[in-house]
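Novice: First the structure, then my questions, so here it is.
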Amino acid sequence: MGAFEEAKGKVKKVVGDVTEDPQLRQEGEAQEERGEAESEATQERAKAKAHDAKAKEKEMEQRAARSSKDH
């Protein structure tokens, strides 16, 4: 969703400039910033999921290693 919000914001900024509507331009800037923040949040969530998956994988490896030592 972030990229779409960014694109809509950019369009609003341009239309605001062309029509000399400072309020529309300001709305566009805010929408673009919101889109950028959404994109960053999505990237950070993806990184966190990947980190969590690696941690679970390591945990399973450690359990398997302990289990093989015990037997």
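Each reported figure results from applying straightforward, stated rules to the coordinates on display, with no laboratory input. None of the values given here were measured: they were computed from a predicted structure. As a convention, Cβ positions derive from the backbone with ideal geometry for all residues, glycine included, and neighbour counts pool all protein chains shown.
Novice: For region 27-38, what does the Karplus curve 6.51 cos²θ - 1.76 cosθ + 1.60, with θ = phi - 60°, yield as ³J(HN,Hα) per residue in whole Hz, taken in order and with x for Gly and Pro?
Specialist: Once rounded to whole Hz, the list reads 4, x, 4, 5, 5, 5, 4, 4, x, 4, 5, 5.
Novice: Then there is this: Of Val15, Ser67, Gly2, which is farthest towards the positive pole of region 2-70's charge dipole, taken about the Cα centre with +1 and -1 on the beta-carbons of Lys, Arg and Asp, Glu respectively?
Specialist: Of the listed residues, the answer is Ser67.
Novice: Work out the length of the dipole vector of the chain about its Cα centre, built from +1 on the beta-carbon of each Lys and Arg and -1 on the beta-carbon of each Asp and Glu, and round it to the nearest 20 debye. Spell out each step's value before the answer.
Specialist: Details: 15 positive and 18 negative charges, 146 e Å.
Around 700 debye, computed over the chain.
Novice: May I pose another question? Determine the equivalent ellipsoid of the chain by diagonalising the alpha-carbon gyration tensor, then write out the semi-axes as square roots of 5 times the eigenvalues, largest first, rounded to whole Å. Before the final figure, lay out the partial values.
Specialist: Numbers: eigenvalues 512, 9, 4 Å².
Here the semi-axes work out to 51, 7, 4 Å.
Novice: Enumerate the lysines that Lys54 could reach by cross-link, defined here as Cα to Cα under 25 Å, with residues fewer than 8 away along the same chain left out.
Specialist: Partners within reach: Lys69.
Novice: Could you check the spin-label model distance between His51 and Arg63? Points 7 Å from the Cα along Cα→Cβ, value in nm.
Specialist: Computed distance between label sites His51 and Arg63 equals 2.2 nm.
Novice: Roughly what angle does helix 2-18 make with the longest principal axis of the chain, taking Cα atoms, 0 to 90 degrees, to the nearest 10?
Specialist: Between the helix axis and the principal axis of the chain, the angle is about 10 degrees.
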